[in-house]
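In what follows, a single structure is set out as structure tokens and then discussed.
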């Protein structure tokens, strides 16, 4: 049995016991007859109106039922509070603000996880295209620390800070060489086909 139904039955019984009408109850409370009728057919009044009904009809159980139905636990701190509407989920603005901040952090974390997943997938695709045998043979590769491929037997793991790519001159030379190669349409086409086929271009 829902609290609203329980309240409506109790209110109907209290009105009948007092020998009064919806109109008279409404006049005593300063509300319309239609509003009193709604309370007797399943609508739950506010705690303030329930208190006035309890006083007018001399039935404290009306206030008790309404308070129990309106009492909720705050989703943020867990403290009990009176909710005058169904949408209210927090005991106050502070807990509401805390919840909004936490939701923002969750969204930020989810975005970070998605980006991390994309980066991991990109590294894996690059490593598989570079090493079709699924074994990394280049211990000095700058992607070695994050590569999902195991290092080939006999190869020694190199600290990322001591790789050959830490040398600015080597990096500049490699970049210039790759730029020159990519200017060659034939080499570029071979490279694209090789990556798609999962092997190195010659």
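None of the figures in this text is laboratory data; all of them are computed from the coordinates on show. These numbers come from a predicted model, not from an experiment. Glycine gets a Cβ as well: all are built from the backbone with ideal geometry, and neighbour counts include every protein chain shown.
For the stretch 112-155, the spherically averaged projection of the C-alpha convex hull amounts to 3.0 nm². Compared with the rule-of-thumb size 2.2 N^0.38 Å for a compact globular protein, the stretch 1-152 has a Cα radius of gyration ratio of 2.09. Cα gyration tensor of the stretch 1-45, axes a ≥ b ≥ c as square roots of the eigenvalues: rounded (a/c below 1.5), prolate (a/b > b/c) or oblate? Note, shape of the stretch 1-45 comes out oblate. Once divided by 2.2 N^0.38 Å, the Cα radius of gyration of the stretch 3-91 becomes 1.13. Take 121-130, 64-73 and order them by the average number of nearby Cβ atoms within 10 Å per residue, most first; the result is 64-73, 121-130. The slack in the chain from residue 9 to residue 100, taken as 0.36 nm per residue of separation less the alpha-carbon distance, amounts to 28.8 nm.
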